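Single-structure report; data block below.
Quick note: the coordinates plus some simple rules give every number you see, no bench work behind them. All values reported here derive from a predicted model rather than from experimental measurement. With ideal geometry, Cβ positions are generated from the backbone for all residues, glycine too; neighbour counts draw on all protein chains shown.
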Amino acid sequence: MADDSNAMDVGARYALALFNLADETGVLSAVEADLKAFEDLRVQSPELRTLLVSPRFTAEDKARGLAAIADRAGFNDTTRKFLGVVSGNGRAAALAAIVQAFKSLAASRRGVVSAQVVTAAPMTAAQSKALSEGLRQALGKDPEIETRVDPAILGGVKVRVGSRLYDASLKSKLDSLKFALKRA
């Protein structure tokens, strides 16, 4: 748990530095798009996730890998340099936290709140609309929703807004029931 907290702190610091630099140089939207593309690639690629977190790869290996990805994807120079600094400082494993923190900063700048939603199956358009409206009412801001499907939650929904997690998944409810039965 301490490692997750440390990664979040590191992620927040690096994200704030990148956000301020991108804002000052007028490339905020380009960097945000680059980081979204990078995050999509990270989620889809087990090889990239391994590169980022494995101690088998040196900081130089990680820097070369990230530079190749940035070149191939046509990332903005600010994003490319940032990825080099992060990997050079031995913080490549914190990139997921950095991207999340950056997305939150960018969403806040636009006056919206970023929400990550996990469901057991893809949501219908009506469900997405109802969830969006419910979040808008609960948060008092327009939500920018990022959805992910995870069949392991069995049913229901998990919503993360900032550091808050609202867990209405069937798996969580079954785990709570199992715990209660063991204590009884």
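Where does helix 170-183 land angle-wise versus the long Cα axis of the chain, in degrees 0 to 90, nearest 10?
60 degrees
From the square roots a ≥ b ≥ c of the eigenvalues of the alpha-carbon gyration tensor of the range 2-107, which class results: rounded (a/c under 1.5), prolate (a/b over b/c), or oblate?
Details: a/c = 1.60, a/b = 1.21, b/c = 1.33.
It comes out oblate by the Cα gyration axes.
If you take every residue apart from Val43 with its C-beta less than 12 Å away from the C-beta of Val43, what net charge results, scoring Lys and Arg +1 and Asp and Glu -1? Walk me through the intermediate numbers first.
Working: positive: Lys36, Arg42, Arg49, Arg148; negative: Glu39, Asp40, Glu146, Asp150.
Spelling it out: positives minus negatives among the neighbours equals 0.
Name the trypsin sites (Lys or Arg not before Pro) in the range 27-127 that are in a loop by DSSP and that have at most 14 other C-beta atoms within 10 Å, would you?
Answer by residue number: Arg56, Arg110.
Determine ³J(HN,Hα), in whole Hz, for all residues of the range 137-143 in sequence, where each value follows from phi through the Karplus function 6.51 cos²θ - 1.76 cosθ + 1.60 and θ = phi - 60°; x replaces Gly and Pro.
For the range 137-143, the Karplus-derived couplings read 5, 5, 9, x, 9, 6, x Hz, x marking Gly and Pro.
What FRET efficiency would be calculated for the residue pair Ala125, Leu177, taking the C-beta separation as r and a Förster radius of 25 Å, to the nearest 0.05? All intermediate terms of the calculation are to be shown ahead of the outcome.
On the way: r = 32 Å, r/R0 = 1.29.
Computed FRET efficiency for Ala125 and Leu177: 0.20.
Measure off 7 Å from each Cα along the Cα-to-Cβ vector at Val43 and Arg64, then give the distance between these two points in nanometres to one decimal.
Label-label distance for Val43 and Arg64, simple model: 3.0 nm.
Between Asn20 and Val149, how high is the FRET efficiency from 1/(1 + (r/R0)^6) when r is the Cβ-Cβ distance and R₀ = 30 Å? Nearest 0.05. Provide the component values of the computation, followed by the final result.
Details: r = 34 Å, r/R0 = 1.14.
Efficiency computed from Cβ-Cβ geometry: 0.30.
Using a Cα-Cα cut-off of under 21 Å, which lysines could be cross-linked to Lys171, ignoring same-chain neighbours fewer than 8 residues away?
Those lysines meeting the cut-off are Lys158, Lys182.
To make sure I understand the rule: partners must be lysines, Cα under 30 Å from the Cα of Lys62, and not fewer than 8 residues away in the same chain. Which ones qualify?
Within the straight-line limit of under 30 Å, Lys62 reaches these lysines: Lys36, Lys81, Lys103.
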